[in-house]
1. Given the criterion modelled with pLDDT of 55 or more and among the hydrophobic types (A, V, I, L, M, F, W, C), identify the matching residue among 63, 14, 18.
2. Does residue 434 count as buried (at least 20 other Cβ atoms within 10 Å of the Cβ) and part of a strand (DSSP E or B)?
3. For region 505-542: of the residues being aromatic (Phe, Trp, Tyr) and closer than 22 Å to residue 447 by Cα, which is surrounded by the most Cβ atoms within 10 Å (Cβ to Cβ)?
4. Considering only residues that are surrounded by fewer than 20 Cβ atoms within 10 Å (Cβ to Cβ) and under 27 Å from residue 522 (Cβ atoms), look in region 450-474 and name the one that is farthest from the chain's Cα centre (by Cα).
5. Scan region 431-457 residue by residue and report those that are closer than 30 Å to residue 408 by Cβ, modelled with pLDDT of 95 or more and not hydroxyl-bearing (Ser, Thr, Tyr).
6. Scan (1) out of contact with any Ser or Thr (no Cβ under 9 Å at 6 or more places or on another chain); (2) in a loop (DSSP other than H, G, I, E, B) for the single condition residue 439 breaks and write down its number.
Amino acid sequence: MEALLGLRRRGNPFNLSFMTISQIAMLAVSLLETTIYVFRSDIVDMPNRPKDIGPRLLDSYDFIIIGGGSSGSVLAARLSEVPRWKVLLLEAGPEETVFSDVPALGGGNLRTNRDWQILAEPDPGYCRAMEGGRCFFPQGKLLGGNSVFNGMVYVRGNRRDYDSWAQQGNEGWSYEEVLPYFKKSEGMTIDRLKNSPYHGTEGPLTVEVPRYYAPITDELVKAADELGIPTEIDMNGDTQTGLVRSQCTMRRGFRCSTAKAFLRPNRNRPNLHISMNSNVRRILIDKLSKRVEGVEFDKGGIRRRVRVTREVIVTAGALKTPQILMLSGIGPAQHLREKGIEVIADLAVGRNLQDHVGIGGILFLVKDPLTTVLLQLNPIKTFLDFAIRSTGPLMSLGAAENYAFLHSRYSNASLDWPDIGLYSKTITENNDGGSLLKALEGISDDFYNDVFSPILNQQAYGIIPTLMRPYSRGTVQLRSADPNVQAEVRPNYFSDERDLDTIADGAKFGVMLCETEVMRAHGCRLNPNKFPPCAHLEYPSHEYWKCAARQTSSTIWHFSGTAKMGPPTDPEAVVDSRLRVYGVSGLRVSDTSIMPTIPTANTNAPVIMVAEKAADMIKEDIFTEELQ
């Protein structure tokens, strides 16, 4: 809330108490919501929002889906297409807020009751510049999940990502086999791509370009052209190496979450029940038959149990799904016994954690008004642009307005399988008034004051070099058998030295863009304030960027792999190629947990594809069983 007002934790000019600041922030949010209700009723869309089933829960359902995020929303919509199947969607949080539809305001859900607010365990290898040395991992706790506050970037990944899944023994997951599921969900509106064989136009997930870009966006495209980096490509087409403006999950300029795309159109189906604020404790499994019987969850202070007649599908994400599975007796046997949990299936749940980690806080100063300095915005013009014309800074992404996939020196460029992502941001740690990104990223006061305070409110843009195919693997483990206690998350960033070298090499691209004639004409220069722990190193240099990566290790929220899909011969496999959990009947997982290796992409589009494919596999399996 404090971040919404641009109030800093230090240097409070009005000497306001924290309570006063919180009250003002709450008032600001209330006024913002009222403004949207009055002036933009088209995005409020109250009549079409899903309703909570409340006390009308049935005793049993054919399917119970745990988690109403990107995957769960898709599955609920697709399985309820069969009228005779009763489907229950359990979501731990509430519905979307009205202001999260506004592209620039999605971050307002972070660090609220709509965010699990997961903190990684401290480790000297990463996140050293964060408060307490702990990485902050936002995770959606609301209908739509992370699709409600992510960067809205629509990118699917590389052909070789999915061919690799198939080569690892996962039948049916090659690129040619998953492409139809990407197209099935997609409602492409960009004219030049509508007739592409790589895109679909009839799906519920609308894809378009933002209504507003900060001017620096075009300049970075020109800089890439100067460097010979391709810019006129479709990242979701036949090639991936290049730098482009983002394709986004938007509808008429506003956020198109999976809840908006898949749940709202189907809210009146009598066989689809949605239960919000329902915190799952465990999956109920018969110990002898190893057959799923139902789900136990808390709602409104009441412990509830609902039976299932066909399947439970876990779609809680790569950090929460392993916790639910382990609480239910599915996971590494020794670990479960240590927590006093009876073992149902001894599987490698919680291992193989992967993420796209970047170097945060790399800023470039410019002399011209090309970026979004919040305190320099004209509030009246900004509001009118938003309320009347659906344009202006409130309609911008603020982050990832450009993105690139490029090759480090350690990658084979001839394969067109980039190993570096490059994301630009026009709202930065310094030009946001000093509190928005600082609070959301969890940057420590000392680090912020050394690196960003000296350039506060100056024109700047950020570049986040990002590791796209990490070698390092992390873990998720139980801290306690109590489902209300956060699991232990250890991402183990840079535990493999190859990752550190790759990401450091990727940082050079940001510097190269700044050094082009296009950007030099705008007075582009790297922030002169070095990261203090790295100040003894040449700036910039490979060794400096390696040091920097361990300071501002920046998650891109793409957690994957903790319930790995693989053949029975894979000792780390948790689910088979049809996403069925080994050793337990009537249980599947359908979220980023199942990804054997993380794709070269933001993971929202890939996990929607996984859910589309999962829904078809479930239908095939059930119909085949009924015919026998």
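1. That would be 63, the only listed residue that is modelled with pLDDT of 55 or more and among the hydrophobic types (A, V, I, L, M, F, W, C).
2. No, not satisfied.
3. Here the answer is 531.
4. Applying the filter and picking the extreme gives 454.
5. Of everything in region 431-457, those that are closer than 30 Å to residue 408 by Cβ, modelled with pLDDT of 95 or more and not hydroxyl-bearing (Ser, Thr, Tyr) turn out to be 443, 447, 450, 451, 452, 455.
6. Only one criterion is unmet by residue 439, namely (2).
Matching residues to (1) of a type outside the set (A, V, I, L, M, F, W, C); (2) touching a residue at least 24 places away in the same chain (Cβ under 8 Å):
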| site | (1), (2) |
| --- | --- |
| 563 | no, yes |
| 590 | yes, yes |
| 593 | yes, yes |
| 612 | yes, yes |
| 626 | yes, no |
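This table checks each residue for (1) assigned to a loop (DSSP other than H, G, I, E, B); (2) in contact with an Asp or Glu (Cβ under 7 Å, 6 or more places away or on another chain).
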| residue | (1), (2) |
| --- | --- |
| 38 | no, no |
| 64 | no, no |
| 68 | yes, yes |
| 73 | no, no |
| 76 | no, no |
| 85 | yes, yes |
| 92 | yes, no |
| 104 | no, no |
| 112 | yes, no |
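The values are calculated or read from the model by the stated rules, or taken from the named source; none is laboratory data. This one's a predicted model, so the numbers in the text were calculated from it and none came from an experiment. Please note: Cβ atoms are built from the backbone with ideal geometry, for glycine as well, and neighbour counts cover all protein chains shown.
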